[in-house]
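The values are calculated or read from the model by the stated rules, or taken from the named source; none is laboratory data. Worth saying up front: this structure is predicted, and the values here are computed from it rather than measured. Counting neighbours? That spans all protein chains shown, and the Cβs are built from the backbone with ideal geometry, glycine included. Remember, those area values only see protein heavy atoms, side chains included, never the ligands or the DNA or RNA. Shrake-Rupley method; radii C 1.70, N 1.55, O 1.52, S 1.80 Å.
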Protein chains: 2
Amino acid sequence: MKFSKNLMKAAVTIDKYALYVPKSGVFPKKFEVGSLASGVKKNGKLDLGIIVNTNKEAKSTASAVFTTNRFKAAPVLKSKQVLESNNFEGVNAIVVNSGCANSMTGDVGMADAEKMCELVNKKLNLKDQTLVMSTGVIGQKLQMDKIATGIENITFGSSYQDWLNVAKSICTTDTFPKLISSQFKLKSTGETYTLTGIAKGAGMICPNMATLLGYIVTDLPISSGGIKKILSFAGERSFNCISVDGDMSTNDTICMLANGAVNTTVITPESEDFEDVSANVTSFAQQLAQLVVRDGEGATKFVTVKVTKAKTFEDAKIIAETISNSSLVKTALYGEDANWGRILCAVGYSKLGDISALDESKLNVKFVATDDSTPKELPLLINGVPNLNVDENRASEILALNDLEIIVELNTGSETCNFWTCDLTHEYVTINGDYRS
Amino acid sequence: MKFSKNLMKAAVTIDKYALYVPKSGVFPKKFEVGSLASGVKKNGKLDLGIIVNTNKEAKSTASAVFTTNRFKAAPVLKSKQVLESNNFEGVNAIVVNSGCANSMTGDVGMADAEKMCELVNKKLNLKDQTLVMSTGVIGQKLQMDKIATGIENITFGSSYQDWLNVAKSICTTDTFPKLISSQFKLKSTGETYTLTGIAKGAGMICPNMATLLGYIVTDLPISSGGIKKILSFAGERSFNCISVDGDMSTNDTICMLANGAVNTTVITPESEDFEDVSANVTSFAQQLAQLVVRDGEGATKFVTVKVTKAKTFEDAKIIAETISNSSLVKTALYGEDANWGRILCAVGYSKLGDISALDESKLNVKFVATDDSTPKELPLLINGVPNLNVDENRASEILALNDLEIIVELNTGSETCNFWTCDLTHEYVTINGDYRS
């Protein structure tokens with residue numbers, strides 16, 4: 001029976017830690033990090049981390065993208081306030097705890113978030129220059145005694161291990177820490193700059209474990225106007241283009257900090273290199289966001305949904321997101337079933353801003369292999385007409401891959417949205433069927 | 001371990017056929033029905049049905065609500081055209097086949113849908129007065145030879161068994177046929193009228209099996225303007241208020257036919273009884289729609305999500321729908337986990353038309369038992385503040401019920417939306433992981 005065979009195949013475990021956790025790394029100049037196990041997590045695991053900018057030569061700039069959920073957790077409200085009152089400049093530390101989200105905790109929660117910032121400011125001799133993030137269970141109060149002692153005892157360093165530990169300290173149900181680094185050169189300066197990104201996931205799919213956190217730090221000098229524009233563009237094309245189950249938490253925060261430790265001209269939206277920087281950060285943020293999907297709860301497949309030749313990015317994204325969130329598409333991927341009808345159905349019920357973005361008679365849908373096997377592309381729908389001669393064996397081969405692509409070509413314009421999703425598995429139901437106990 | 005126990009409990013099988021299929025019924029006057037196994041379904045099951053209005057004394061009226069999916073199947077397009085060209089009057093037959101959806105079948109599919117109508121018109125001596133519906137696999141052509149022979153051979157009757165067989169003939173992955181009848185009296189006439197409804201489900205969750213079909217027939221005389229208004233109101237509060245997995249098919253059709261066989265004054269939107277009729281039909285359509293949720297693929301729970309005291313019905317519905325479609329809420333229900341954080345999260349990311357519809361500080365959330373156990377209501381959130389003294393044992397008791405309610409009280413107005421959903425189970429993943437093979 002095809003079914004059992006497929007589900008067994010899909011259940012083969014991939015060693016994600018070995019595949020996705022780096023063994024070494026270069027990190028941006030003049031950042032230090034520290035972490036420890038404060039005791040909030042019962043299992044003695046790392047649960048508190050701080051990132052500090054130690055560059056005194058330039059004013060750092062920062063930007064953040066927060067959850068649009070109406071129920072924003074206290075640390076989200078506090079960090080927003082710190083960014084705004086500092087005019088997005090001179091923010092020099094980020095403190096993050098895991099194990100408790102400090103969400104739905106009312107005035108006490110707000111006071112606790114403020115206290116965390118205050119303690120870090122005091123420790124580092126800063127003046128309201130610290131952002132705070134929390135992730136963990138909703139509706140429980142922070143154990144502030146443990147957090148306070150933790151903040152007091154944290155020591156800093158800048159080695160690979162220090163960075164990896166900070167990445168570990170924000171994990172909740174993650175099966176591996178998410179840490180990446182990358183370097184790029186700018187034409188105008190000839191200098192090399194470094195980006196480091198840390199994220200935690202599993203999590204978007206798990207809003208009682210709140211939830212998706214990410215931060216990107218760099219030693220490139222960027223103006224506050226520039227960093228805002230760069231992060232907003234990158235966020236829209238990375239962390240806002242992933243789906244594990246479509247749920248959105250109360251604590252989601254993506255934040256970017258630039259300390260200008262490589263002392264070159266400040267990048268502004270008018271700079272000749274601006275588009276280049278923006279493209280670099282976007283591609284970097286996409287890599288970081290993809291790790292969250294790879295670690296989706298119960299996921300056995302990593303699927304790129306590409307909606308191409310669209311009139312606008314926005315409508316391309318709505319279609320890509322609708323496909324990526326469809327339980328039927330996701331279970332079909334799990335079952336390795338070439339069920340293109342479900343993909344088409346999802347395209348058809350996407351709530352487009354501009355209905356002319358979709359013309360059924362121009363639509364092409366393909367499965368695409370990500371390995372070296374051929375034919376690479378398998379057309380399922382051609383100009384709106386089902387490919388009745390589709391090679392089912394080849395379809396099965398492509399669907400058996402751990403990584404695959406679905407291309408939906410609208411042929412109504414020239415914009416593209418790439419979206420990343422995973423399959424919906426028995427393990428997902430098991431994990432989420434009883435998370436709290 | 002709480003988890004395994006709960007999931008075992010949830011897996012207890014309910015004999016839905018015994019519970020939800022009536023043993024007898026009264027049916028509207030002057031309708032006849034027929035069905036047979038045409039051979040399209042390979043297992044010799046009923047797969048073709050016709051409903052005929054035999055009342056010649058009055059002109060029937062009809063209305064339908066069709067899928068808003070951009071990819072509409074041929075029978076949807078054809079039925080829409082028949083209704084419009086007849087000005088929603090004098091439609092006297094509905095032919096339905098199951099096993100093949102005649103969707104994504106292009107011009108051939110359109111010709112086949114037309115042929116089905118033509119054959120029924122000819123058989124019954126009608127003049128373009130037949131609606132057509134199809135449900136089954138997408139992207140396959142109808143076996144018109146079998147359908148044609150079937151239509152030729154169908155015979156009609158009006159017994160309970162005839163009606164039950166028609167209900168059976170439209171089933172696909174349904175585990176029981178959905179047939180209900182109800183009678184009501186109108187004050188102004190003192191007469192008794194009958195409603196009969198047939199639906200097929202499983203299906204909304206299964207768009208490659210296209211999908212949700214429902215029809216309601218009555219012997220009450222209603223004007224074409226009246227029936228349109230009544231069905232649109234009822235549909236919005238019944239079939240559009242259910243969710244199995246949030247997917248919407250290419251063939252969804254709800255249709256209503258009134259033949260006026262009880263020869264009283266025609267009901268128009270101006271009639272004194274209009275609201276009464278509308279309320280009766282709405283409540284009837286809700287019962288029919290609920291059967292679809294009860295038969296949701298893999299479902300072990302039937303959950304009513306009530307959003308009350310809302311500014312508008314529309315925003316109440318958006319919130320109810322968002323909760324009902326959340327994979328996290330649905331897996332928590334399956335695991336019988338009182339995870340109110342997930343409900344709140346879904347409320348928070350609902351895409352409201354009017355953001356003032358939601359005021360966090362006025363929000364109450366409760367679980368409600370549907371049996372006689374007490375306390376009936378278990379408050380989880382009171383005026384936006386989590387109930388930290390929630391009785392977890394009582395929560396577990398309520399969540400162990402097969403039927404339960406979630407009440408979300410917005411306290412910003414006076415409108416209510418009731419939405420019906422089911423849990424997301426291992427069995428759902430199994431069924432949808434490999435439907436085609």
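Could you check the simple spin-label distance between A:GLU84 and B:ALA111, using points 7 Å along Cα→Cβ, in nm with one decimal?
6.5
How large, in percent, is the carbon and sulfur part of the accessible surface of the stretch A:302-433 at a probe radius of 1.4 Å?
49
Pop out a list of residues from the stretch A:62-89 that are at least 10 Å² less accessible with all the protein chains around than in their chain alone; 1.4 Å probe, no ligands or nucleic acids counted.
Going by heavy-atom accessible area, the residues of the stretch A:62-89 that drop by at least 10 Å² are A:ASN69, A:ARG70, A:PHE71.
Using a 1.4 angstrom probe, figure out how much accessible area the stretch A:16-294 has per residue, in square angstrom, rounded to the nearest whole.
36
Are there residues in the stretch A:326-350 whose accessible area shrinks by at least 30 Å² when all protein chains are included rather than the chain by itself, and which are they (probe 1.4 Å, ligands and nucleic acids not counted)?
Residues meeting the cut-off: A:SER327, A:LEU328, A:THR331, A:ASP337, A:ASN339, A:TRP340, A:ARG342, A:LEU344, A:CYS345, A:GLY348, A:TYR349.
Report the residue, chosen from A:VAL329, A:VAL95, A:VAL385, that carries the largest GNM mean-square fluctuation when chain A is represented by alpha-carbon nodes joined by springs under 10 Å.
The residue with the greatest mean-square fluctuation here is A:VAL385.
Can you bin every Cα-Cα distance in the protein assembly as shown into 20 Å intervals starting at zero and give me the percent of pairs per bin, rounded to whole numbers?
Calculated P(r), rounded to whole percents: 15, 44, 31, 10, 1.
Using only Cα atoms, tell me the angle between helix B:106-124 and the longest principal axis of chain B; keep it within 0 to 90° and round to the nearest 10.
On a 0 to 90 degree scale, this one is about 60.
Can you tell me the 0 to 90 degree angle between the C-alpha axis of helix B:340-349 and the longest principal axis of chain B, rounded to 10?
So the inclination is approximately 60 degrees.
Given a Förster distance of 45 Å, report the FRET efficiency between B:ASP128 and A:VAL385 from their Cβ-Cβ distance, rounded to the nearest 0.05.
With a Förster radius of 45 Å, E is 0.95.
Over chain A, what relative contact order in percent results from Cα pairs under 8 Å that are six or more residues apart?
Result for chain A is 17 percent.
Run down the aspartates and glutamates and flag those whose C-alpha is under 17 Å from the C-alpha of B:LYS23, throwing out any fewer than 8 positions away in its chain.
B:ASP15, B:ASP162
Quick one: among B:ASN280, B:ASN153, B:ASN125, which has the greatest mean-square fluctuation in a GNM of chain B with alpha-carbon springs under 10 angstrom?
B:ASN125
Could you report the stretch A:385-437's accessible area per residue, 1.4 Å probe, as an integer in Å²?
39
Along Cα-to-Cβ, 7 Å out, sits the label point; list in nm, shortest first, how far the one on B:GLU270 is from those in the other copies.
Values, ascending and in nm: 6.9.
Taking amide H positions as placed in the peptide plane 1.01 Å from N, state which residues far from B:ASP252 in sequence (5 or more) or on other chains have amide H under 5 Å from it.
Distant-sequence amide H within range of B:ASP252: B:THR67, B:LEU212.
In the neighborhood of B:ALA310, defined by Cβ-to-Cβ distances under 13 Å, what is the net charge if each Lys or Arg adds +1 and each Asp or Glu adds -1?
-2
Tell me: how much accessible area in total is hidden between A and B, 1.4 Å probe, Å², nearest 100?
When A and B are taken together, about 5000 Å² of accessible area is lost.
So which residue, out of B:ILE398, B:ILE382, B:ILE147, gets the largest mean-square fluctuation from a GNM of chain B using Cα contacts under 10 Å as springs?
B:ILE382
Angle between the Cα long axis of helix A:144-153 and the longest principal axis of chain A, 0 to 90 degrees, nearest 10?
In chain A, helix A:144-153 runs at an angle near 70 degrees to the longest axis.
Any idea of the accessible area per residue across the stretch B:305-352, 1.4 Å probe, to the nearest Å²?
22
In nm, what does the list of distances from A:SER159 to its counterparts in the other copies look like, shortest first, when each label sits 7 Å along Cα to Cβ?
8.7
Return the percentage of antiparallel bridges among DSSP beta bridges fully within chain A, rounded to the nearest 5 %.
Percent antiparallel among DSSP bridges in chain A is about 70.
Identify the GluC sites (Glu not before Pro) of the stretch B:54-121 meeting these criteria: DSSP loop state and at most 12 other C-beta atoms within 10 Å of the C-beta.
Loop-located and lightly packed - B:GLU57.
7 Å from Cα along Cα→Cβ at both B:THR192 and A:LYS42: what's the point-to-point distance in nm?
6.2
Could you tell me what percent of the accessible area of the stretch A:16-294 is made up of carbon and sulfur, with a 1.4 Å probe and every protein chain present?
Carbon with sulfur: 48 percent of the solvent-accessible area.
If you average 1/r across every pair of different Cα atoms in the stretch B:16-294 and take the reciprocal, what Kirkwood value do you get, in Å?
Kirkwood hydrodynamic radius for the stretch B:16-294: 18.2 Å.
What does the charge count near A:MET256 come to, summing +1 for each Lys or Arg and -1 for each Asp or Glu among other residues with Cβ under 12 Å from its Cβ?
+2
If A:THR416, B:THR308 are ordered by their accessible area, calculated over protein heavy atoms with a 1.4 Å probe, which sequence runs from highest to lowest?
Ranked list, largest accessible area first: A:THR416, B:THR308.
What are the nm distances, shortest first, from B:ILE382 to its equivalents in the other copies, labels at 7 Å along Cα→Cβ?
6.7
Once you list every other residue whose beta carbon is under 9 Å from the beta carbon of A:THR416, what net charge do they have if Lys and Arg are +1 and Asp and Glu are -1?
With Lys, Arg at +1 and Asp, Glu at -1, the net is +1.
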